[in-house]
Amino acid sequence: MAKNIRFKISSGLKNLIGRELITDELIAIFELVKNSFDAHATTVTLTFENLLDADNSKITIADNGKGMSYDDLINKWLFVAYSAKSEGVEDSGEYRDKINSKRLYAGAKGVGRFSCDRLGAKLNLVTLKDAKNAKIENILVDWADFERDAKKQFVDVDVRHQTLQKNPHKMKHGTVLEITDLRDAWDRTRLLKLKQSLAKLINPNQDNDSSGFSIIISVPEEKKSDVGEVDRGKVNGPVKNFLFETLGLKTTQIVTEISKDGKLIITTLKDRGRLIYKITENSPFQETLHDIKIHLFQLNRKAKVNFAKVMGMQPVEYGSIFLYKSGFRIYPFGDNEQDLLGLERRKQQGYNRFLGTRDLMGRIEINGNNENLKETTSRDGGLIRNKNYHALLEFFYDYGLKRLEKYVVDVIKWGDEYKIPGLDRTAPALKPEDVRTQIADIVANLTNTKGIVNLEYDKDFLNIISDSQEKSLPKIAKNFARIAEESGNKTLQKEAGRVVAQVKELLAAKAEAEKGEEVAHKRASVVEQKLEEEISEKLFAKAALSTDTKDVLVLQHQIDKSTDSIKRNVDNLLVAIKKKASKKEIFGLIERISLEAGKISAISQFVTKANFNLKVTEISADLVSFVKEYIQNVYREYPTTKINRPYMNFRVITNDSKFLYKFRPLEIIIIIDNLFSNSMKAGAKNITVSLAASKDDGLEITVKDDGKGIEKRNLSKIFDLGFTTTNGSGLGLYHVKQIVEKMKGRVTAELISKGAELRIILKK
């Protein structure tokens, strides 16, 4: 005859769901903090006492949550593996109406309470329910009682209970856990690690009322050591959660989210705060995923530097891609020694095409219920690998990471820099026009994606794609029209027509502007030709100049200044035309472009008319006369200089001095140009150049101006590579120093009452 029989549960179960399941002391504390959060506490305080006395050390975790009654202790807290949260009865009825909270529960396994065993051998629990006539309940647990006899059943191990007459913690409601006989030594290093980890525990950006929840750490023994430390270096005090958004990460970021109903995916890509595109499309994950958001930051060099300044640690030490469910972190996603998303394995397959953990920072947010995305029972095991988990990975890669990579790999190089061989300077890896082409192609390809509902883009998008119309316009127009037709969106249909019309208008305007630029350039060239001939006859008729590859690269820096100005003014010209600016404004921009183009041309012809020869050495001449003639007859009278700087007053004092010297004219020109440029950037209106014999039969050249001057603290740095107090490159004065030292001379800066004074001393 069949009969029913039952399992027997050994007291050894305590270890299986306690210390052997929760192996990390930090995770044990996290579990208890999550319990306080689920109890609707607004504050939980972690107090560590007597840490230097192992026999009397204690951890106290106190919250002001809803507390527990005697029935709650018996039917919930002491009911192993039962979770009222997962059953949906934790806050039913009057209390849920009372708190009016939108909190999603962080825990639902019913084993988090055994974290107490991981931290210490004994537990003293005091609780007071937020209810009328509530009593102060107290239970005492000695976890060793469960370990003495494995044959004894779990349910037969006694836990002492009593109702207290006095309120030992003066609480209105809430729960206090006093854990003693600690299993770990909590030194300052471990305490700081705990604080840093707790800062990443809760995601206040998630749809949860975590903003009304604070964690405070109190360690009396560490207060003296906290003196003088910044907040992040202090053990004591509130745990501050630094959102990635608040760190000032000026970089590329992508946000992609599945709507609450699971029907749509919305993806937004921004570069340094500027919208590149926002696309809305139908979700292929409607059966598996809903209410999920992914936020990824690409860590360029500047972002890494800024992060280190703010956080006091390198990004790699902080972590990479964190995962949050219901506002609480799921471990070990994000830990720097972990790679649950397989980023590094993937990067090894294509180093230059893929981003790894050192290149990324961000988070995955699982909101709502998403019941099938479950945390493993082991709290450091991540999520259970099921169909929904693999769908989450697919969503992360296809709609988040790969789209970010597409932009970073194809476009973001314009924000990076590379070293120019033979010269200590850097330059953009891509030209602006290349960037625009790449952005246009990315947006155009997105419009070809099936299931698109809507597409938004940079308001300046028409200007961005105008440089590559022949390639991008047909595709964009066609795909916009298709999207509009499929969606039935009349606004989008109008937008498609507007894109085509405005782009055509821009192309026509650009062509007209280019014609105007050509006319202005020809007009300026006539004047330049005459001037260049005069310069050549007066200064360099018999000169034979020489340079090498490095000198040419230095000269390139001079040309780059004009080139950058041309590019900038062309962009301004397109915007002016688009806005239908006045003819005066448009022709003003054209004239500036023409003058800068003429300057580059003049440099080239200036060199050739001076018999510039790469194979010939220096000239021997009177350097004083050369400098004087260049300033008076070239620099001051050169059309670009004269028009761009109408208020400048140049004065040259020689006292009839002479200084026969072997030199390269190009080097002297670069010195003068950079010194004058530095003065003008400082707002000078008057520049005086004095040339006089020095005490040791050399030549002393002094350039004095009435600009904003040099701060004393910057006096020793102004000739350093890259140092600047203006919007310049920090290369000009560095080049001056390099050339002067090459000529066996020295250059110094002097403090004066008004303006600046730079002195060059040359020896024969």
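What are the residues in the range 303-341 that are part of a helix (DSSP H, G or I) and of a type in the set (D, E, K, R), if any?
If we filter the range 303-341 for residues that are part of a helix (DSSP H, G or I), which is where we start, we get 303-311, 315-318.
K304, K309, E317, listed by residue number.
Taking interchain pairs and intrachain pairs at least six residues apart, which have beta carbon atoms under 9 angstrom, with the first residue in the range 645-674 and farther than 15 Å from V689 by Cβ and the second exposed (fewer than 15 other Cβ atoms within 10 Å of the Cβ) and not charged (D, E, K, R)?
K658/A693; L660/S620; Y661/S620; K662/T617; K662/S620; F663/S620; R664/T617
Looking at the range 348-369, which of its residues are modelled with pLDDT of 85 or more, surrounded by fewer than 18 Cβ atoms within 10 Å (Cβ to Cβ) and among the charged types (D, E, K, R)?
The answer is R358, and nothing else.
If we keep just the residues of the range 158-186 that are under 19 Å from L119 (Cβ atoms) and among the hydrophobic types (A, V, I, L, M, F, W, C), which is surrounded by the fewest Cβ atoms within 10 Å (Cβ to Cβ)?
Filtering the range 158-186 for residues that are under 19 Å from L119 (Cβ atoms) and among the hydrophobic types (A, V, I, L, M, F, W, C), the one surrounded by the fewest Cβ atoms within 10 Å (Cβ to Cβ) comes out as A185.
Here is a yes/no grid of residues against (1) in a helix (DSSP H, G or I); (2) modelled with pLDDT of 80 or more:
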residue	(1), (2)
N208	no, no
K223	yes, yes
K250	no, no
D261	no, yes
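From the list T246, T267, which one is of a type in the set (S, T, Y), in a strand (DSSP E or B) and at pLDDT below 95? Working first, answer last.
Working: T246 fails: in a strand (DSSP E or B).
One residue alone meets the criteria, T267.
Looking at the range 270-284 only, could you name the residues that are buried (at least 19 other Cβ atoms within 10 Å of the Cβ) and not in a strand (DSSP E or B)?
If the condition is that a residue be buried (at least 19 other Cβ atoms within 10 Å of the Cβ) and not in a strand (DSSP E or B), then S283 is the only one that fits.
Give all pairs with beta carbons closer than 8 Å in which a residue from the range 1-28 that is modelled with pLDDT of 75 or more meets a residue that is among the small types (G, A, S) and surrounded by 15 or more Cβ atoms within 10 Å (Cβ to Cβ); count only pairs at least 6 apart in sequence or on separate chains.
Note: pairs meeting the criteria are I22/A28; I22/S115; L26/S197; I27/S115; A28/S115.
Run down F650, F587, F626, F606 and say which single residue is modelled with pLDDT of 75 or more and assigned to a helix (DSSP H, G or I).
Exactly one of F650, F587, F626, F606 is modelled with pLDDT of 75 or more and assigned to a helix (DSSP H, G or I), namely F626.
Could you tell me which residue of the range 699-719 is surrounded by the fewest Cβ atoms within 10 Å (Cβ to Cβ), considering only residues that are in a loop (DSSP other than H, G, I, E, B) and of a type in the set (D, E, K, R)?
E711
Out of the residues in the range 135-176 that are in a loop (DSSP other than H, G, I, E, B) and acidic (D, E), state the one that is nearest to A62 (Cα to Cα).
That would be D158.
Taking the stated definitions as given, is R301 more than 27 Å from K374 (Cβ to Cβ), at pLDDT below 85 and touching a Lys or Arg at 6+ places or on another chain (Cβ under 7 Å)?
Taking the combined requirement at face value, the residue does not satisfy it.
Exactly one condition in (1) assigned to a loop (DSSP other than H, G, I, E, B); (2) touching a Gly at 6+ places or on another chain (Cβ under 9 Å) is not met by S677; state its number.
(1)
Only one of G356, G362 is within 27 Å of G273 (Cα to Cα), touching a residue at least 12 places away in the same chain (Cβ under 8 Å) and out of contact with any strand residue (DSSP E or B) (no Cβ under 9 Å at 6 or more places or on another chain); which?
On the way: G362 fails: out of contact with any strand residue (DSSP E or B) (no Cβ under 9 Å at 6 or more places or on another chain).
Only one candidate passes the filter, namely G356.
Restrict the check to the range 180-198 and report whether at least one residue is within 21 Å of A39 (Cβ to Cβ), of a type in the set (V, I, T) and not in a helix (DSSP H, G or I).
no
Specify which of the listed residues (F676, F723, F659) is surrounded by 21 or more Cβ atoms within 10 Å (Cβ to Cβ) and either over 18 Å from K628 (Cα atoms) or within 41 Å of the chain's Cα centre (by Cα) (or both).
Matching residue, one of F676, F723, F659: F676.
Determine, yes or no, whether N372 is touching a Lys or Arg at 6+ places or on another chain (Cβ under 8 Å), surrounded by 18 or more Cβ atoms within 10 Å (Cβ to Cβ) and modelled with pLDDT of 85 or more.
no
Among the residues of the range 382-389, is any out of contact with any helix residue (DSSP H, G or I) (no Cβ under 7 Å at 6 or more places or on another chain), modelled with pLDDT of 90 or more and closer than 28 Å to K278 by Cα?
yes
The values are calculated or read from the model by the stated rules, or taken from the named source; none is laboratory data. Remember, it's a predicted structure, so these values are computed and weren't measured experimentally. Counting neighbours? That spans all protein chains shown, and the Cβs are built from the backbone with ideal geometry, glycine included.
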